[in-house]
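This report concerns only the one structure given below.
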Amino acid sequence: MRKLSGHQIKKLWLEFFKQKGHKVEESASLVPINDPTLLFINAGVAPLKDYFDGTRTPSNPRLANVQKCIRTNDIENVGQTARHHTFFEMLGNFSIGDYFRDEAIEGGYELLTGESWVNLDPERLYVTVYPTDRESRKKWREVGIPDERILESEECFWEIGPGPCGPSTEIFYDRGDAYGEADLSLIENDVDNDRYIEIWNIVFSQFNAKEGLSREEYPELPQKNIDTGMGLERVACVIQNTPTNFETDLFYPIIEAVERLSGRDYDGGMSFKVIADHIRSVVFALSDGATFSNDGRGYVLRRLLRRAIKHGRHLGIEKPFLGELVAVVVEMMKETYPYLERTRTFTEKLVNKEEKQFLETLKHGEKLLEELLEGKEKIIDGKDAFKLYDTYGFPVELTEEYASAAGFTVDKEGFHEQMAMQRERARAARKEAASMHDQRPEFLQFTEESRFVGYETTQVQSDIIKVFDDGVVTRETPFYAESGGQIADSGVIVKDEQVYTVHDVQRLPNGQHLHVLDEHSLQAGDTVRLHVDERSRELTKAHHSATHLLYSALRRKLGPHVGQQGSLVGPDYLRFDFNHHEPLDDEQVLELEASVNQRIADAIDVDVEYADVEEAKKRGAIAEFGEKYEDEVRMVNMDETLDLCGGTHVSNTREIGGFAIASIESKGSGIYRIVALAGERVHAIGEYLHGFLSQLDHLKKKAGNLLEEAASEGIELDYEPPGPFHPQGSYQDVIDLRHRVESLQRHVRELGKTFEERRRQKQLQSLEQYLKQQDENRNIVVKTHGVDSGSLKTLADRLAEHAEGATVFLANVLEDKLIFICKSNNPDIHAGNLVKEAASMAGGGGGGKPTFAQAGARDIEKVDEVVAFVKDRLS
C-alpha cells in the first residue's frame, strides 16, 4: 500500500481517470444551484443531475471530479463514530451513456490494487452486490475477487423516486484483526464497524423507476450511466492506517491547533473531533457564499459553529478561538482549493463576529438557567431545556449538570419531542429530495447538427430538420434558447402565409434549439423564415449587459466574496441574487446604481472572444452561475471584468441607455435579490412601487376618515395631503416613496392623537351641560355619541365627583355599538347589576363591581329605551 496524503489521493484519482479518457470537472459550489431540495450539495452526482436525466449531453461522456459535500442529517453522531462528518470530499467517476458495468468494475479494481496507483492488498477487498445482479458478481469474479468475498445485500440498489435508478456494488477493505474479529455479517447487515471499511460505491444507473411498478418491472433506460463515489476521508484512513478518519492529515492539523489553544492533549475525545469537523464545514460553506442566519443553510451553519464553541468550552477554551482555526483549514486545503486563500480574511471576520455574539448569548442563557433553577417544581420543562439548547447553545447534558447540582431534574422526554419537531421543520424547509427527470429517448437520440446564428442576426431562412410533439428544430436559428439566466427569445416562424408563434425555445440534450409551438402542420424538410421579436431582444440585451455591470459593481463595492446565486434576464427586467453577510443600506444601493450608470455613460466597448476554458480561467474569467462549460468558451469583456457567458449583449455599454434598481430584498440565509430595469424600461419603475403606492392610498383614506369624523363633531384638524408622486427612474424613487409612506404614517398617528385629545377636551368642557341633567336625587343619566371608552371613563369619574351619594350612568353610541358605564356612590345601587340589566335590553352583556361597571351591546336602536329604564330605576 502506498503512503499518500489527502491531496495526493485526490491528484492520483483525477490522474487515473484522465488517463482513462475522462474530463475532470471542478467541484461545484456547496451552495446548490436552482435546487430547492438541497440546503447544501451532499453528493458527487448532485451537480450532474441534468446529464444523468438526459436534460443535457456533456461534450465528453466520461467525467471525474472531487466534489465538496455537506450533510447534517445526523450531526449528533459527529465525533461519536470514526467516520461521521458534516463536510467531506467525494471522489467520483461518471459515464453518461458511455462505458458501463464491466469497465467501471475493471477501473475500480485497477485503481485500488494497481502498483502505480493505490496498491491495496487485493486479498483484503470484499464487495457487495444486489441479490439479482448476476452480471456484477460475474465481473468481480473475472477481475479476481473470489465468490467467498462477494456478498449479497438488499441495500445495493440506488433509487430516490421516479427516474433513473439501478443496482450498485460496494467495495470494502478489511483492516485486519487489530480492528476487531472477522465477521462478514457486519458487511452483509450493514453494521458500522472499524474492521471492514466501505470505501467505494459504484451505481449502475440502468432502469427507469416508475410508480406502481416493482423493481423487476422497471423498464431499461435508453441511456445507461455510471455513478461512483469514494469517500476521501475513508480511503485516507485506510491508506494512512489511522484509528479513525480524524487522525488523517485531513483533520489532524486542526486537532493539533486545538491542543495548543486548549493546553490539553488529544486523547481521541469527542470534542476535538467535533471542532475539527465543524470548522471545516463552516470555512468551506462561508467561502462558497453561505452565511450565518436564522433559517435554511444559515441556521445549519450557526448550529455547527455553536456546537464547536460548546465543545471548545468543554476543553476549557473560554475565549473566541474558532477564527484562529480558519487559517489552519485554509493552509491544509488551499492546494486543492486555492480560492480559500482569497476568501480567508472575509471568512475570519464572519467567524469572529459570530463567535463573539454567541459568547454573549451564552451569558444570557446562563442567566435564564439561573432563573429556572429558582423555581419551586424542581424540574426544568422540556420546552425550556430546548430553548436553552436552541437559542443559547446549551446542550441538554450541560443543562442536566447544572440542574443536578441544584437538586433539579430535566424533562428529557419533552426536550426530545421539541428536537423532533425541529428536525421536522428542517426537513420541511429542505423539501423532499427530488428524483431526476425521466429521460426522453427521442431527444437523446437526436444528434443532427443545428446552428445558432442569433449573435449575428434576428432573422434567417432555414429548413426544418426535425419535428417533435413539442415543436420543431431548424438547420439554423436566430432564437436564443433559455440558459444562463436569460429567457428564450420570442417571435414567429413563417411558412408561406402561415404564421406560428414561438412560445418558448429550449436547448435539447445535444445542443439543438427546440422551438415550442402550438398546433401546427410543419414537417421535416419545410423551408421557413424565423423572425425574433427585435424589440424584445434589444431590451433583453440591455438587461443582460446591465447584469454584468451590476455584478462587477457589487464585487467592487462589497468585496470579492460576493458571488452570483441566481439570475433572470428578460425584456421586462433583470433579477440578480447574490450573497452577503449583512443588508445593504440606501446609500450603498444608490452607489451601486450610480456605478452602473457611470459605466453606461463611459461608453465601454463590449468585446466577445472565444478561448479554451482553462485559458479563460487563468485570465480570471468569472463563470456564470450554475453553468457547465465545454472545452471552448465564450468570454464577454466589459467594465474591466471578463465573464464566461453565452447570452446576448449590447456592443457598447451606452446602448443600455440607463439603469435603475427597483427593489432589493432578503431571500434568507444571507442571499439578497435585486430587481432592476435598463433602457426604456427604466421609466416603468412605477410598476414596481405598487406596494408603497397602495400604502399611501390607504393612509390618505385613513386621514380623510379622521377629518370627516372630526368635522362631524365640530373639531378642526390641521392636515395637508401629500402632493402627487412623479417617479424619475431611479432607486431614489423607492427611497422617496418609502419616506413619504413613513412620514404619512407618522402624520396620521399624530392626527389621530390630536383628534382624541381635542375630543376629550371638548367632552370635559361639556361637563356643565351634563350636570344640568341631574335629577332631584343628584343621579346623572345621559346619552353621549362617539366617545371612546377611555374618555367615557374620565367623563364618568368627573361627573361622579358631583354626584355624592348618587349614581352616574352613561349610554354611549360609538359607531355600530353601545357602551354603558356606571359609577355608583349609592350603597343601595349595585353598578354591576344595573349595567348588566341595561345591556341585556339591547342584546349585550357585561357587569362589574358594586361601585363601577361597564357593559356593551349591539342594538343601538334601544339606547333611548335603556336610558328611560335606568332613569326610572334610579328615581
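The values are calculated or read from the model by the stated rules, or taken from the named source; none is laboratory data. Computed from a prediction, not measured in an experiment: that's the story for all the values here. All Cβ positions, even for glycine, are placed from backbone atoms using ideal geometry, and neighbour counts span all protein chains on display. What goes into the accessible areas is simple: the full protein's heavy atoms, side chains included, and nothing from ligands, DNA or RNA. Shrake-Rupley method; radii C 1.70, N 1.55, O 1.52, S 1.80 Å.
The distance between label points at Thr336 and Glu370 comes to 4.7 nm (points 7 Å beyond Cα on the Cα→Cβ vector).
The heavy atoms of Lys139 present about 20 square angstrom of accessible area, all protein chains included, probe 1.4 Å.
Computing the accessible area with a 1.4 Å probe over protein heavy atoms, can you report the carbon and sulfur percentage for segment 504-595?
Carbon-and-sulfur percentage of accessible area, whole number: 41.
Computing FRET efficiency as 1/(1 + (r/R0)^6) for Glu708 and Glu776, where r is the C-beta to C-beta distance and R0 is 41 Å, gives about 0.50.
The spread of Cα positions in segment 330-390, taken along each principal axis and listed from longest to shortest, comes to 58, 19, 14 Å.
For segment 252-294, with every protein chain kept in place, what is the accessible area per residue (1.4 Å probe, Å²)?
Details: 1330 Å² over 43 residues.
Using a 1.4 Å probe on heavy atoms only, each residue of segment 252-294 averages 31 Å².
Using the alpha-carbon atoms, what tilt in degrees (0 to 90, nearest 10) does helix 296-314 show relative to the longest principal axis of the chain? So the helix axis and the longest Cα principal axis differ by about 80 degrees. Summed over the residues of segment 714-796 and divided among them, the accessible surface reaches 57 Å² per residue at a probe radius of 1.4 Å. Can you give the accessible area of Ser663, probe radius 1.4 Å, in Å² rounded to 10? Surface open to solvent at Ser663 totals about 40 Å².
Any idea what the dipole of segment 741-863 comes to, in debye rounded to 20, about its Cα centre with Lys/Arg Cβ at +1 and Asp/Glu Cβ at -1?
Taking the Cα centre of segment 741-863 as origin, the dipole is about 260 debye.
With the charge dipole of the chain set up from +1 on Lys and Arg Cβ and -1 on Asp and Glu Cβ about the Cα centre, the Cα lying farthest toward the positive end among the listed residues Ser262, Gly848, Gly559 is that of Gly848. Between amide H atoms placed 1.01 Å from N, distances below 5 Å from Gly844 occur with Arg858, all of them 5 or more places distant or on a separate chain.
Once you reduce segment 805-854 and segment 15-75 to the center of their Cα atoms, the two points are 76 Å from each other.
Taken about its Cα centre, segment 458-531 carries a charge dipole of roughly 260 debye when the Cβ of each Lys and Arg holds +1 and the Cβ of each Asp and Glu holds -1. Placing R0 at 45 angstrom, the Cβ-Cβ distance between Lys753 and Glu680 gives a FRET efficiency of 0.45 after rounding to 0.05.
So how much slack lies between Glu687 and His416, counting 0.36 nm per residue of separation and subtracting their Cα-Cα distance, in nm? Numbers along the way, then the final one.
Numbers: separation 271, 0.36 × 271 = 97.56 nm, distance 4.91 nm.
Stretched fully, the Glu687-His416 segment lengthens by 92.6 nm.
For the pair Gln761 and Arg738, a Förster radius of 51 Å applied to the C-beta separation gives a FRET efficiency near 0.90, rounded to the nearest 0.05. Protein-only accessible surface at a 1.4 angstrom probe places the residues Glu76, Glu170 in the order Glu76, Glu170, largest first.
Among 540-547, 293-300, how do they line up from the highest to the lowest mean number of other beta-carbon atoms within 10 Å?
On the way: 540-547: 28.0, 293-300: 19.0.
Taking the mean over residues of other Cβ atoms within 10 Å, the ranking is 540-547, 293-300.
Across Glu348, Glu217, Glu519, Glu233, the residue with the most accessible area heads the list, and the full order at a 1.4 Å probe is Glu519, Glu217, Glu348, Glu233. Among the GluC sites (Glu not before Pro) found in segment 365-424, those both in a DSSP coil and sparsely packed, with 16 or fewer other Cβ atoms within 10 Å of their Cβ, are Glu374, Glu377.
Peptide packing: for 156-163, 714-721, the average count of neighbouring Cβ atoms within 10 Å per residue gives the ranking 156-163, 714-721, highest mean first. Using the alpha-carbon atoms, what tilt in degrees (0 to 90, nearest 10) does helix 101-113 show relative to the longest principal axis of the chain? So the helix axis and the longest Cα principal axis differ by about 80 degrees. The angle separating the long axis of helix 412-430 from the principal Cα axis of greatest extent in the chain is about 70 degrees.
Candidates Pro162, His531, Pro724 compared by Cα position along the dipole of the chain: farthest toward the positive end lies Pro724, with charges placed on Cβ. Restricted to Cα atoms, segment 206-317 shows a radius of gyration and a Dmax of 20.4, 62 angstrom. In the context of the full set of protein chains, residues of segment 433-592 present 44 Å² of accessible surface per residue (probe radius 1.4 Å, heavy atoms only). Pairs exceeding 27 Å between alpha-carbon atoms, taken from Lys701/Lys836; Lys273/Lys667; Lys23/Lys334; Lys10/Lys618; Lys3/Lys618: Lys701/Lys836; Lys273/Lys667; Lys3/Lys618.
Heavy-atom accessible area for Thr113, with the other protein chains in place and a 1.4 Å probe, reaches approximately 20 Å². So which of Lys353/Lys383; Lys793/Lys849; Lys319/Lys349 end up more than 26 Å apart, counting from Cα to Cα? Flagged as over cut-off: Lys353/Lys383. Only helical runs count toward this figure. For the chain, summing -39,500 (n - 2.57) over DSSP H runs of n ≥ 4 and dividing by all residues gives -12500 deg cm²/dmol at 222 nm.
The residue list Leu325, Thr391, Phe346 was ranked by how far each Cα lies along the charge dipole of segment 274-395 toward its positive end, using unit charges on Cβ atoms, and Phe346 comes out on top. Sorting Tyr731, Tyr573, Tyr339 by solvent-accessible area of protein heavy atoms yields Tyr573, Tyr339, Tyr731, largest first, with a 1.4 Å probe.
Using unit Cβ charges (K, R positive; D, E negative) and no other charged atoms, how large, in debye to the nearest 20, is the dipole of the chain about its Cα centre?
Details: 106 positive and 152 negative charges, 475 e Å.
With Lys and Arg at +1 and Asp and Glu at -1, about 2280 debye.
Highest-first packing order for the peptide set 803-812, 772-781, 500-509 is 803-812, 500-509, 772-781, based on the mean count of other beta carbon atoms within 10 Å. Quick one: pull the percent of accessible area on segment 798-871 belonging to carbon and sulfur, 1.4 Å probe, ligands and nucleic acids left out. Whole-percent figure for carbon plus sulfur exposure: 47. Taking a straight Cα-Cα cut-off under 22 Å and skipping sequence neighbours fewer than 8 places away in the same chain, the lysines within cross-link reach of Lys138 are Lys224.
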